1. Could you give the distance between the Cα centres of region 98-116 and region 170-195, to the whole Å?
2. Give the calculated FRET efficiency between residue 265 and residue 344 to the nearest 0.05, with a Förster radius of 56 Å applied to their Cβ-Cβ distance.
3. Name the long-range amide H neighbours of residue 300: under 5 Å, sequence gap of 5 or more, or other chain; modelled H, no Pro or chain starts.
4. So how much slack lies between residue 52 and residue 110, counting 0.36 nm per residue of separation and subtracting their Cα-Cα distance, in nm?
5. Relative contact order for region 112-353: what percent, with Cα pairs under 8 Å and sequence separation of 6 or more?
6. Note down the nm distance, to one decimal, between modelled labels 7 Å out along Cα→Cβ at residue 87 and at residue 21.
7. Rg(Cα) of region 72-150 divided by 2.2 N^0.38 Å?
8. When each pair of different Cα atoms in the chain is counted once in the 1/r mean, what is the Kirkwood radius in angstroms, to one decimal?
Amino acid sequence: MDQLLPPEIAEAERAFPEALAACRDLDAFLRLKGAYVGREGSYVARLMDLLKAAPKDQKRELGAAINALKNAWEEALKARQAELEAAKKAAGAAAWDPTLPPPLPARGALHPLNRLMDRLVEVFRPLGFHVEEGPEVETEEHNFDGLNIPADHPARGSADTFYLAAHPGQLLRTHTSPVQVRTLRKLKATIHEKGGIRFLAPGRVYRKDEIDPTHSPMFHQVEGMLVGHGIGMQHLKGTLEYALRALFGPATEIRLRPSYFPFVEPGCEVDVSCPLCAAKGCRVCKGSGWVEILGAGLIHPNVLEFAGIDSKEWSGWAFGMGVERMAMMLSQTPDLRLFFENDQRFLEAMGGLD
């Protein structure tokens, strides 16, 4: 057979038994297997190239020789693999000590986003805020009408909102603000007795966003609302300063920038001095020293009136923040999708988030 094979193949055939016997572990075995019968660059692959280029009258004899050699190598490799696997199993059994206690099962834990939402709730709890919840499948009345969002607002379009085709007028809520409408209606009867209303609304929301490092069609928000007598922007700023310093540290500064939201008037964007660089400028704050953290403002009178609360007697403020944005900033995570992929290594690394 040697006369049919190139010299290097014939030499490999002669060296094969000794090389196979020298494999003492599966790693060495797999390297040898790849060199002899692997799909690319192996001796068998070179023989197949040789067969393709051989004269027609030699193909039959050469093909039979190559096939016989390939089968012989594969049978020997199969037998040696079984020997090595058996030896590995035996070594593992010998190393097992039955007197040792069994390994502890992995313990479950709250997801980093849930922990952050719980942390936000605990920050506001000493101020008298409680948690209110609402359905994730909402009506247009609660999601838009009750929040002073006009009929021609872009957010009401099917390009931005998930509508339920089988249930006209129903949708997946686009923010947690519908909880404001439901809670104001529910508590309006006791507003005089309690002297006002204050609550937080954490939860999932849905929008038709393309999935990318900073967007997801499902994400989380935490909203807060306070209604009382003579409430103004100074009360909103003071409350947010307290809360954001509790979250990011006592040296944190905030600033309010005018902005527009249909359900508040006036409205503002709230920035915090970057907690990662002490406002000196970094990648997260893009060198500005400030990071946008939430939107807020004084509750629009139309929102109070829609819920049946006299806007001439009562006033208040509301804010809403994206939980993922805050989590990405605190952990310096560059890709939002990491929070939803359930990679245990990432989730364990986020143990320091709270």
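Derivation of every value follows stated rules applied to the coordinates shown; laboratory data play no part. Just so you know, these numbers come straight off a predicted model, no measurement behind them. Every residue, glycine as well, gets a Cβ built from its backbone with ideal geometry; the counts of neighbours run over all protein chains shown.
1. Rounded to whole Å, the Cα centres lie 38 Å apart.
2. 0.75
3. 264, 265
4. Answer, rounded to one decimal: 14.8 nm.
5. 21
6. Calculated label separation equals 1.3 nm.
7. Ratio of Cα Rg to 2.2 N^0.38 Å: 2.59.
8. On the way: mean 1/r = 0.0382 Å⁻¹.
Taking every pair of different Cα atoms in the chain, averaging 1/r and inverting gives 26.2 Å.
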